[in-house]
Amino acid sequence: MSDDNIGKKVQDAEQIGTEKVGDKEIPILKPEVYVKIYCSNCNAEVDDEEKATGNCNDCGKPWAESKAKDVTIRVVKMPGTFGEGGEL
Ligand SMILES: [Zn+2]
């Protein structure tokens, strides 16, 4: 699995708190969010350079006029935060 084809990361995964469930602390996580922007004129993906200029390099038109967004949300489990018990 490659991270390259799901877009640019706009939010990092982060633990924002814990919730007590029974006698266990369950971490509350913010997911990773990736966003991909497409030019609505030619459907090419808008890269960083094109984001800076506002113009699509593929068709030469401004991509921002009616952009389409593809948002990917990925939930990341923090390692070592879940114990399954049974260690007594
Ligand atoms: Zn275009």
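The values are calculated or read from the model by the stated rules, or taken from the named source; none is laboratory data. Note that the coordinates shown come from a computational prediction; the quantities given were computed from them, not determined experimentally. Cβ placement follows ideal geometry from the backbone for every residue including glycine, while neighbour counts extend to all protein chains displayed.
Side notes on the structure shown:
- Filter result for the condition that a residue is modelled with pLDDT under 90 and part of a strand (DSSP E or B), over Thr72, Thr18: Thr72
- Neighbours by Cβ (under 6 Å, 6+ apart or cross-chain): first from region 45-66, under 18 Å from Tyr34 (Cα atoms); second within 8 Å of the ligand (Cβ to nearest atom): Val46/Cys39; Val46/Trp63; Glu50/Cys56; Glu50/Asn57
- Region 34-69: number of residues that are among the basic types (Lys, Arg), at pLDDT below 80 and either near the ligand (Cβ under 10 Å from one of its atoms) or over 16 Å from the mean Cα position of the chain (by Cα) (or both): 1
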